[in-house]
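Asks: Structure in structure tokens, see below.
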Amino acid sequence: MKNVLLSTRGLKKVYGKRDSKFEALKGIDIDIESGESVAIIGKSGSGKSTLMHLLALLDQPSEGTIKLNGKNTSKLKQRKLNRLRNKEFGFVFQSFFMNTNDTVLNNVILPLKIAGIRRGERRKRAMAALETVELGDKYKNKANDLSGGQKQRVCIARAIVNNPKVIFADEPTGNLDSATGAKIEELLFNLNREKGITLIIVTHDEELAAKCGRQIHIADGKVIGDGKGVAKHDPSFIEDENLDGMRDKNHTKEIDVEEE
Ligand SMILES: Nc1ncnc2c1ncn2[C@@H]1O[C@H](COP(=O)(O)OP(=O)(O)O)[C@@H](O)[C@H]1O
Ligand SMILES: [Mg+2]
């Protein structure tokens with residue numbers, strides 16, 4: 001039985017008005033099952049972050065629907081939406097900076113505060129999350145005093161502290177050296193394997209994308225490929241202008257790269 005967690009139909013996103021109107025997403029239909037690990041790939045400006053923001057219910061589509069566990073999310077009131085997001089989702093976004101003047105512990109505690117968890121329990125859970133990312137000994141440090149990789153681990157601790165069903169990560173290893181990046185990847189995939197947390201990762205990194213169970217290729221606000229495996233010379237990773245000639249327009253949803 002399929003257990004569809006997130007489902008989009010005809011998803012469109014238009015930024016700006018009149019002359020400055022820009023259609024960043026042009027009708028996206030995807031179903032993401034619970035427990036999947038999904039990479040959203042495509043060149044810069046293709047609409048990856050826009051799609052992730054919509055899936056994470058951080059922004060509203062201009063058209064189309066997003067269902068979470070079969071429920072249409074457009075009907076939800078802002079308060080309900082905030083609560084839902086806080087409870088079900090964890091975020092590892094570069095732009096979701098931490099309060100670097102505050103301690104590591106307080107940064108991780110924040111989602112629990114928002115959720116109204118009481119003080120003692122908050123601290124216990126935040127410490128457990130920090131242990132998971134092997135930063136238990138740094139809880140008193142100012143977040144500012146950590147290395148880039150450690151900060152990213154704090155973000156992961158904060159993302160998992162509420163026991164989310166989904167983790168959204170936008171270029172989670174983008175600014176890290178390869179050894180540190182590998183550690184972050186390991187953490188994310190362990191959460192997927194061991195806790196069944198659904199992973200949705202926006203990435204430019206071909207190797208990271210290949211580690212996911214599925215790759216959704218976005219180009220020009222459309223899905224041009226969706227399936228298992230990344231081709232060795234996947235057009236999505238080529239920062240080239242015009243690739244249309246390389247694609248069969250009638251079969252754009254299936255770029256099958258698996259061996260027969
Ligand atoms: N808030 C915004 N206002 C206007 N245009 C935007 C906004 N956010 C993104 N865009 C445009 O939408 C397109 C897709 O952006 P984005 O989803 O961030 O792409 P990606 O993450 O794939 O690099 C880009 O052309 C970008 O300039
Ligand atoms: Mg982006």
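Asks: What does the charge dipole of the chain about its Cα centre add up to, to the nearest 20 debye, if the Cβ of each Lys and Arg holds +1 and the Cβ of each Asp and Glu holds -1? It would help to have the intermediate numbers written out before the result.
Replies: Values: 44 positive and 37 negative charges, 459 e Å.
Here the chain has a charge dipole of around 2200 debye.
Asks: I need to check one value: relative contact order of the chain, counting alpha carbon pairs closer than 8 Å and at least 6 residues apart, in percent.
Replies: Details: 477 pairs, mean separation 64.9, N = 260.
It rounds to 25 percent for the chain.
Asks: Can I ask one more? Put +1 on the Cβ of each Lys and Arg and -1 on the Cβ of each Asp and Glu in the chain; which of ILE216, GLY116, SER7 then has its Cα farthest toward the positive end of the dipole?
Replies: Among ILE216, GLY116, SER7, the one farthest towards the positive end of the dipole of the chain is GLY116.
Asks: Mind jotting down the three principal axis lengths of the chain based on Cα atoms? Whole angstrom, largest first.
Replies: 57, 45, 42
Asks: Kindly write out, for region 194-205 in residue order, the coupling ³J(HN,Hα) from the Karplus curve 6.51 cos²θ - 1.76 cosθ + 1.60 (θ = phi - 60°), rounded to whole Hz, with x marking Gly and Pro.
Replies: So the J values, rounded to whole Hz, are 8, 10, x, 5, 6, 10, 10, 10, 8, 8, 8, 7.
Asks: Select from GLU131, GLU36, GLU207 the residue whose mean-square fluctuation is largest in a Gaussian network model of the chain (Cα-Cα springs shorter than 10 Å).
Replies: Checking each option, the largest mean-square fluctuation is seen for GLU207.
Asks: Please compute the net charge surrounding GLY181, taking Lys and Arg as +1 and Asp and Glu as -1 over other residues with Cβ under 15 Å from its Cβ. Please report the intermediate quantities before stating the final value.
Replies: Numbers: positive: LYS151, ARG153, LYS183, LYS211; negative: ASP170, GLU171, ASP177, GLU185, GLU186, ASP205, GLU206, GLU207.
Overall, the nearby charge balance is -4.
Asks: A follow-up question, please. List the residues, sorted by chain then number, that are 5 or more residues from ILE28 or on another chain and whose placed amide H is less than 5 Å from its amide H.
Replies: Residues meeting the amide H criterion: GLY10, LEU11, LYS12.
Asks: Mind grabbing the base-10 log of I(q)/I(0) for region 1-49 at q = 0.27 Å⁻¹? Debye formula, identical points on the C-alpha positions, no solvent, two decimal places.
Replies: So the normalised log intensities are -1.09.
Asks: If you don't mind, another one. Mind listing the long-range amide H neighbours of LYS165? Cut-off is under 5 Å, sequence gap 5 or more, other chains count too, H placed in the peptide plane at 1.01 Å from N.
Replies: Answer set, sorted by chain and number: PHE89.
Asks: Which one, ALA143, MET52, ASN106, projects farthest toward the positive side of the charge dipole computed for the chain from Cβ point charges (K/R +1, D/E -1)?
Replies: Looking along the dipole axis, the top candidate is ASN106.
Asks: Bin width 10 Å, origin at 0, all Cα-Cα pairs of region 147-231: what percent of pairs per bin?
Replies: 16, 50, 29, 5
Asks: Using the Cα centre of region 94-227 as the reference point, and only Cβ charges (+1 on K/R, -1 on D/E), how large is the resulting charge dipole? Debye, rounded to the nearest 20. Don't skip to the answer; put the middle values down first.
Replies: Numbers: 20 positive and 17 negative charges, 203 e Å.
In total the dipole reaches around 980 debye.
Asks: Checking the a/c ratio against 1.5 first, then a/b against b/c, what shape does the Cα gyration tensor give for region 50-183? List each step's numbers first, then the result.
Replies: Details: a/c = 2.38, a/b = 1.47, b/c = 1.62.
It comes out oblate by the Cα gyration axes.
Asks: Remind me, what semi-axes does region 106-179 give for its equivalent ellipsoid, largest first in whole Å, using sqrt of 5 times each Cα gyration tensor eigenvalue? Display every interim value, and only then the final one.
Replies: Numbers: eigenvalues 90, 44, 18 Å².
Each semi-axis is √(5λ); the values are 21, 15, 10 Å.
Asks: A further question follows. With the radius of gyration and the Kirkwood radius both derived from the Cα set of region 13-81, what is their ratio Rg to Rh? Mind showing how you got there, number by number?
Replies: Numbers: Rg = 13.2 Å, Rh = 13.5 Å.
We get a ratio of 0.98 for region 13-81.
Asks: Return the single residue from VAL133, VAL202, VAL14 with maximal mean-square fluctuation; model: Gaussian network over the chain, springs between Cα atoms under 10 Å.
Replies: VAL14
Asks: Moving on to the next point. Provide the per-residue ³J(HN,Hα) series for region 84-93, in order, calculated from phi with Karplus coefficients 6.51, -1.76, 1.60 and θ = phi - 60°, each as a whole number of Hz, with x at glycine and proline positions.
Replies: Along region 84-93, the couplings run 4, 4, 4, 7, 9, 10, x, 10, 10, 10 Hz.
Asks: List the residues whose amide H sits under 5 Å from the amide H of GLY225, counting only those 5 or more places along or on another chain, with H placed 1.01 Å from N in the peptide plane.
Replies: Close amide H contacts, sequence-distant or interchain: HIS217.
Asks: Hey, what number do you get for the chain at 222 nm if only DSSP H runs of n ≥ 4 count, each worth -39500 (n - 2.57), divided across all residues, to the nearest 500? Show your work: numbers first, answer last.
Replies: On the way: 7 runs with 81 residues, N = 260.
For the chain, the value works out to -9500 deg cm²/dmol.
Asks: Let me ask something else. In whole Hz, what ³J(HN,Hα) sequence does region 51-57 give by Karplus (6.51, -1.76, 1.60; θ = phi - 60°), x for Gly and Pro?
Replies: Ordered by residue, 3J(HN,Hα) equals 4, 5, 4, 5, 4, 7, 6 Hz.
Asks: Let me ask something else about it. Over the chain, with a Gaussian network built from C-alpha contacts below 10 Å, which listed residue (GLY196, GLY136, GLY16) shows the highest mean-square fluctuation?
Replies: Maximum fluctuation in the GNM of the chain, among the listed residues, is at GLY16.
Asks: Any idea what Rg and Dmax come out to for region 33-124 if you just take the C-alpha atoms, in Å?
Replies: In Å, with Rg to one decimal and Dmax whole: 15.6, 45.
Bear in mind that the values in this text are calculations on the coordinates, not laboratory data. Note that the coordinates shown come from a computational prediction; the quantities given were computed from them, not determined experimentally. Neighbour counts run over all protein chains shown; Cβ positions are idealised from the backbone, glycine included.
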